[in-house]
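For reference, the structure is listed below as structure tokens.
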């Protein structure tokens, strides 16, 4: 039981250390256990597992770093937020998450007074850092790092890490933990909801603890603020956006007299309608928006269209160019999910949509854009109609034009 006691002591020391007050609540989320059959450490986003020999070989400072590392995976909800990246390339997803975390942990204790990155204990790499860290990824999230790693991999024509130390500029060659993506998927819907509540509460406790001790975690505090931002129902925002710009005028009502005639003592009905004339829906198919997200989004667009009965829905699939243009008249809208054929690829440039609309003379009453939001400074330029950006994948970007809502997949 030496390893169990060692791990418990390290956790208690971290909980008591004002330097890590922000993480105090997260350190208590889930179960922590020692296992004989795993080589290093792992988390499924809720529970943590540590290999017995791995714990035995670690110094207390190294083990403290690993414990904080697993806790930050939980804090950022990496195993659920970025499960799509794991489906694309598990190795790159693992590396991307680790690069983000390790830089922030080094910033929390730059003098290594309490925690330090593990080092290899034997072999050719003895004494070298075990883990991935690189300054060029500072300020990026896991998805942004993943995209950069993927570009590097494609340029080399080999899998990331082959023939090298985990990539040019990387101080460490390999990650020192495993990521239990499969275990995260096995959590039931109720368990995932409870985990989200537990993490949210733990973060709020950490912020309070940090205030009490007068410590600040710099950039991490901004990240925590984003994690705790109120969640809105994107479907409701989408519906309200469309309905708020309804332009139809084919139904009259006496409930709201027309104010233009009241001054003349003439009471006339106001013309109202729940119809819209023309909607454009632009879907980013540059490779980072999943088929499941597209299907879910189109199902909601279909429901809204059936409600407000637009004369036309132009569906544009785009990346660096508009790759496909599908037209749906009012009677065709119910078939939009089953009949559509998403296509695309390449880069992400919303300007291609505004350029295409201008070229084709498309003048809708509103535009709805679905994207992961990794568009740099290109938000399409000048739009000829109100635009709503529905941003997927956990990106907290906010468009510089129109309105933004963040889509949380179910």
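The values are calculated or read from the model by the stated rules, or taken from the named source; none is laboratory data. It should be emphasised that the depicted structure is a prediction, and the values quoted were computed from it without experimental measurement. We place every Cβ from the backbone using ideal geometry, glycine too, and count neighbours over all the protein chains shown.
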Task: Among residues of the stretch 337-359, those that are surrounded by fewer than 13 Cβ atoms within 10 Å (Cβ to Cβ) and closer than 20 Å to residue 290 by Cβ, counted - done: 5
Open item on the list: For the stretch 385-394, check the following and say yes or no: at least one residue is in a loop (DSSP other than H, G, I, E, B), outside the structural domain of residue 82 (by TED's automatic domain parsing) and more than 25 Å from residue 85 (Cβ to Cβ).
Closed with: yes
- [ ] Starting from the stretch 48-63, take each residue that is on the phi > 0 side of the Ramachandran plot and free of Cβ contacts under 8 Å to residues at least 40 places away in the same chain and list its partners that are surrounded by fewer than 22 Cβ atoms within 10 Å (Cβ to Cβ) and part of a helix (DSSP H, G or I), counting only C-beta distances under 9 angstrom and pairs at least six apart or across chains.
- [x] none
Open item on the list: Go through the stretch 270-293 and report how many residues are on the phi < 0 side of the Ramachandran plot and modelled with pLDDT under 80.
Closed with: 15
Open item on the list: For the stretch 168-227, give me each residue that is touching a strand residue (DSSP E or B) at 6+ places or on another chain (Cβ under 9 Å), modelled with pLDDT of 80 or more and not in a helix (DSSP H, G or I).
Closed with: 176, 177, 178, 179, 180
Task: Residues within the stretch 144-157 that are modelled with pLDDT under 85 and surrounded by 12 or more Cβ atoms within 10 Å (Cβ to Cβ), tallied - done: 1
Task: Complete set of residues in the stretch 367-380 that are in contact with a strand residue (DSSP E or B) (Cβ under 9 Å, 6 or more places away or on another chain) and at pLDDT 90 or above - done: 367, 368, 369, 379, 380
- [ ] Hey, can you tell me all the residues within the stretch 400-410 that are in contact (Cβ under 8 Å) with a residue 24 or more places away in the chain and either under 18 Å from residue 289 (Cα atoms) or in a helix (DSSP H, G or I) (or both)?
- [x] 405, 406, 407, 408, 409, 410
Task: Among the candidates 398, 333, residue that is farther than 12 Å from residue 283 by Cβ, in contact with a strand residue (DSSP E or B) (Cβ under 7 Å, 6 or more places away or on another chain), surrounded by 19 or more Cβ atoms within 10 Å (Cβ to Cβ) and not assigned by TED's automatic domain parsing to the domain that holds residue 141 - done: 333
Task: Residue identified as at pLDDT 90 or above and touching a helix residue (DSSP H, G or I) at 6+ places or on another chain (Cβ under 7 Å) among 337, 321, 333, 353 - done: 321
Open item on the list: in contact (Cβ under 8 Å) with a residue 24 or more places away in the chain and touching a strand residue (DSSP E or B) at 6+ places or on another chain (Cβ under 8 Å): which single residue out of 92, 79, 108 fits that description?
Closed with: 79
